[in-house]
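Okay, structure first, notes after.
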Amino acid sequence: MAVSAGASWSNLQDPFEAGQEAATLALHRMGEDSCNLALVFTGPQFSSPELLEGIRAVVGSTMLLGCTDAGNLSMDGPAHASVAVMLIKCDGLEVRPGAGDKLAENPEAAGAAMARQALDGRLGFGSGPGSLLLAFAEGARGNLSAVLRGAQSVVGENFPIVGGAAGDEGRFVETTQYCLSYMLKDSVVGLLLGGPIRFGVGTRHGWGAISRPRVVTKAKGDTIWEIDGKPALGFYRDYLGDAADELDNSNLARATCVYPVGFAVEGEDEPLVRFPLRVTPEGHLVFGGDVEQGTEVRLMLGTKDSIVESARAAAQEAVNALQGAPSRAAMVFSCFSREKVLGRDARREMQAIREVFGENVPVIGYYSHGELSPWRASIQPSNGGAPQVAPSRYRTDSVVVLAVGDG
């Protein structure tokens, strides 16, 4: 069965009218009178029941998933204070929602609850080219690595989980997650997708090392206490000088997202990149994911050209992973740090992605506070078997491209 999709956005300021306009235009561009799935990404100011009522006025009881963002992405490029909607239709598409709350208190339990609700005791919903868990999580607090662990304990370590952390324009105060007709806080929401549909995933970051390797000598959970035997904040002080003394919880993430930490991963030639979300009075750095003691770390920096080319590479990986199936839609989850580096050239990232997919493939996405995806793209074995998927991880400063094709 062929997949149909349409996407659009609205910058009307009334939540109901913005949701209704974006959904109406997306349905028109899809060329259908109904859909199976609605994806919604909005500025935090649209987080009100009227938003979903406006979308529902167009798509009825269609399955809906999304979150607030740090800016949304569409065929026209990045936009702020707006609503973006993608509608998808595929006969035989299986869509099962799930949600887990109290993420900050117990992120692993929240991830497991979301996946368990989505799985709903269904047997035979195994991984493959037509199976994926799309997830969006609280992006202001909580350990997203633990959320993934919880979800993977239900669906399996190698089941592809793709999505991102919700945003609030980089303030890291509070975000909202959308699931069905509910607007949730401190939660993770997801949809288990299967049926005659195919997915391809590509992930890249484009950041390069600007420091010598250092070693995490004391860490627990999502917090680095010491690097090379010294308070972790000193890692930034060595390279940023006196400016590091001004870093506190009010500005840390917005400052360090441009200078993230690269974590060496065994067996991989590209580091996992994350920026710290908070700093403790003792100078400990708190990240949004697990940190292992003994890990080698470096300070990272990206350029405009490296960021744009990483987006192009991620898009090409996603297309290649479709194994020849035509691309019908694409979703992009790009860290808000990338827009900070690109500045006035932010449109170049989406232009590079569109050059891979072409002008006729609808694209939607958002600037996130972190990204969820397999470590590398699906790999087609030489014996022609099912694609192999690496375990999903939480990362920042990266771009994740999800291509959707006919199953």
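If the requirement is being in the same structural domain as G111 (by TED's automatic domain parsing), under 21 Å from T175 (Cβ atoms) and in a strand (DSSP E or B), which of these qualifies: A70, A22, A38? Reasoning before the result, please.
Numbers: A70 fails: in a strand (DSSP E or B); A22 fails: in a strand (DSSP E or B).
So the residue among A70, A22, A38 that is in the same structural domain as G111 (by TED's automatic domain parsing), under 21 Å from T175 (Cβ atoms) and in a strand (DSSP E or B) is A38.
Quick one: what pairs do we get from the range 325-338, first residue closer than 17 Å to G77 by Cβ, second surrounded by 24 or more Cβ atoms within 10 Å (Cβ to Cβ) and acidic (D, E), C-beta under 6 Å, 6+ apart or different chains?
F333/E371; C335/D397
Restricting the search to the range 163-190, which residues are in a strand (DSSP E or B) and more than 14 Å from the chain's Cα centre (by Cα)? Reasoning before the result, please.
Taking the range 163-190 as the starting set, the residues that turn out to be in a strand (DSSP E or B) are 163-165, 177-179, 182-184, 188-190.
Passing the criteria: Y178, C179, Y182, M183, L184.
Please pick out the residue among R344, R348 that is under 20 Å from the mean Cα position of the chain (by Cα) and either outside the structural domain of T175 (by TED's automatic domain parsing) or at pLDDT 90 or above (or both). Steps first, answer last, please.
Details: R344 fails: under 20 Å from the mean Cα position of the chain (by Cα).
One residue alone meets the criteria, R348.
Could you check, for the range 89-103, whether at least one of its residues is β-branched (V, I, T) and modelled with pLDDT of 95 or more? Can you show your working first?
Our first condition is that a residue be β-branched (V, I, T); within the range 89-103, this holds for 95.
From what's left, modelled with pLDDT of 95 or more: none.
No, the range 89-103 has no match at all.
Any residue at all in the range 225-236 that is buried (at least 21 other Cβ atoms within 10 Å of the Cβ), in contact (Cβ under 8 Å) with a residue 60 or more places away in the chain and closer than 26 Å to R344 by Cα?
Checked against the condition, which is being buried (at least 21 other Cβ atoms within 10 Å of the Cβ), in contact (Cβ under 8 Å) with a residue 60 or more places away in the chain and closer than 26 Å to R344 by Cα, the range 225-236 yields no hits at all.
So V356 passes all but one of these: (1) over 19 Å from the mean Cα position of the chain (by Cα); (2) at pLDDT below 95; (3) not in a strand (DSSP E or B). Which condition number does it fail?
V356 satisfies all of (1) over 19 Å from the mean Cα position of the chain (by Cα); (2) at pLDDT below 95; (3) not in a strand (DSSP E or B) except (2).
Cβ-Cβ distance below 9 Å, separation of 6 or more or different chains: which pairs start in the range 135-148 with a residue that is outside the structural domain of T175 (by TED's automatic domain parsing) and end on one that is crowded, with 24+ Cβ neighbours inside 10 Å and among the small types (G, A, S)?
none
Name, by its number, the condition in (1) at pLDDT below 95; (2) under 17 Å from E317 (Cα atoms) that does not hold for V400.
Only one criterion in (1) at pLDDT below 95; (2) under 17 Å from E317 (Cα atoms) is unmet by V400, namely (1).
Which residues, counting only those in the range 267-285, are surrounded by 20 or more Cβ atoms within 10 Å (Cβ to Cβ) and in contact (Cβ under 8 Å) with a residue 60 or more places away in the chain?
Keep residues of the range 267-285 that are surrounded by 20 or more Cβ atoms within 10 Å (Cβ to Cβ), which gives 271-277, 279, 285.
Once the filter is applied, which keeps residues that are surrounded by 20 or more Cβ atoms within 10 Å (Cβ to Cβ) and in contact (Cβ under 8 Å) with a residue 60 or more places away in the chain, the range 267-285 yields P271, L272, V273, R274, F275, L277, L285.
Inspect all residues belonging to the range 52-62 and state whether any of them is of a type outside the set (A, V, I, L, M, F, W, C) and under 30 Å from R149 (Cα atoms). Let's see the steps before the verdict.
Keep residues of the range 52-62 that are of a type outside the set (A, V, I, L, M, F, W, C), which gives 53-54, 56, 60-62.
Next cut, under 30 Å from R149 (Cα atoms) only: 62.
Checking the range 52-62: at least one residue is of a type outside the set (A, V, I, L, M, F, W, C) and under 30 Å from R149 (Cα atoms).
Looking only at residues in the range 298-307 that are surrounded by fewer than 24 Cβ atoms within 10 Å (Cβ to Cβ) and not small (G, A, S), which one is farthest from R141 (Cα to Cα)?
That would be D305.
Between a first residue in the range 1-24 that is modelled with pLDDT of 95 or more and a second residue that is assigned to a strand (DSSP E or B) and among the acidic types (D, E), which pairs have beta carbons less than 7 Å apart while being 6 or more apart in sequence or on different chains?
The qualifying pairs do not exist here.
The values are calculated or read from the model by the stated rules, or taken from the named source; none is laboratory data. Keep in mind that what you see is a predicted model, and the values were worked out from it rather than measured. FYI the Cβ positions are ideal-geometry reconstructions off the backbone, even for glycines, and counts take in every protein chain you see.
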